[in-house]
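To start, the structure itself, in structure tokens.
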Amino acid sequence: MSAPSDQELTRKQRREQARVERRALEEAERTRTVRRARATRAGGGLAVLVAIATVAILAASGGGRMSAASAVARGSSASAGLQATTAPWQPEYSALEARLGALNLPAQSDTAYHIHAVLRLYVDGRQVEVPAHIGIDPEGRYLAPLHTHDTSGVIHMEASQPYPFTLGQFFTIWGVKFTNVQLGSYVADAANVLSVYVNGTHVSDPVGYVMKRHDHILVAYGKPGSFPTRFNYTFPEGL
């Protein structure tokens, strides 16, 4: 058997380096999450008790029309904090915990299930940036199983078990209103369409589309013909 060439060794070393760097970053994020959770657990528990007591007092006194059950339901809604505004959109964190609770996704882990897709957005013929740190709370409290690390558009799908993550769930974690006819404040009408293509093929149910390894996903709003239907992207070694 011949010894590996210098070129083969270099490729292998690059893959190993990318893997090590990715694992180090995600481990650091998980460590911050645990520390923040421990630091805020006592205060958070007290806040929950106060909130429950307040709702109960309002319900008993007739001072509010919303029942305790409906208050909890509203607070845990997957639509909490969604941005129905014009592009661009930054990650929404203030209601991220509520949205994650409503989605009820498996825990984040890069060991059991770890795949990637890439997303491109267009609005009225112009590309819109997919921001970094979607699903990664800057305070270190939450790391969603669907997230981004940079502005490349690469979506990381990492979970404790194989799971059919959907495009709609990603936009919910991002904090952008997304339906089969609406993106942010943009709603399909007689002049404009909201179209989604995966690997160049039109998708009829974008919200429910289950993302797969190395999918090239294009979401576009505007006049027909004002946006592409496919794009080229080469995933880095190790992804």
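Read-outs: derived from the displayed coordinates by stated rules, not from any lab. Quantities reported herein were computed from a predicted structural model and do not represent experimental measurements. Positions of Cβ are backbone-derived with ideal geometry, glycine not excepted, and every protein chain shown enters the neighbour counts.
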Relative pair counts by distance (%), Cα atoms of the stretch 156-213, 5 Å bins: 4, 17, 25, 25, 17, 8, 3, 1, 0
Can you give the translational diffusion coefficient of the stretch 176-239 in µm²/s, computed by Stokes-Einstein from the Kirkwood radius over Cα pairs at 10 °C and 1.306 mPa s? 124 µm²/s
Stokes-Einstein diffusion coefficient of the stretch 77-177, Kirkwood radius over Cα pairs, 4 °C, 1.567 mPa s, in µm²/s: 95 µm²/s
Stokes-Einstein D for the stretch 111-239 at 25 °C, 0.890 mPa s, Kirkwood Rh over Cα pairs, in µm²/s? 163 µm²/s
Using the per-residue mean of other Cβ atoms lying within 10 Å as a proxy for protection, in what order, highest first, do the peptides 227-234, 211-218 fall? 211-218, 227-234
C-alpha center-to-center spacing [the stretch 133-178, the stretch 221-239] in angstrom: 19 Å
Under the Karplus curve 6.51 cos²θ - 1.76 cosθ + 1.60, θ = phi - 60°, whole-Hz ³J(HN,Hα) for the stretch 167-179, x wherever Gly or Pro sits: 5, x, 5, 5, 5, 5, 5, 4, x, 10, 5, 8, 10
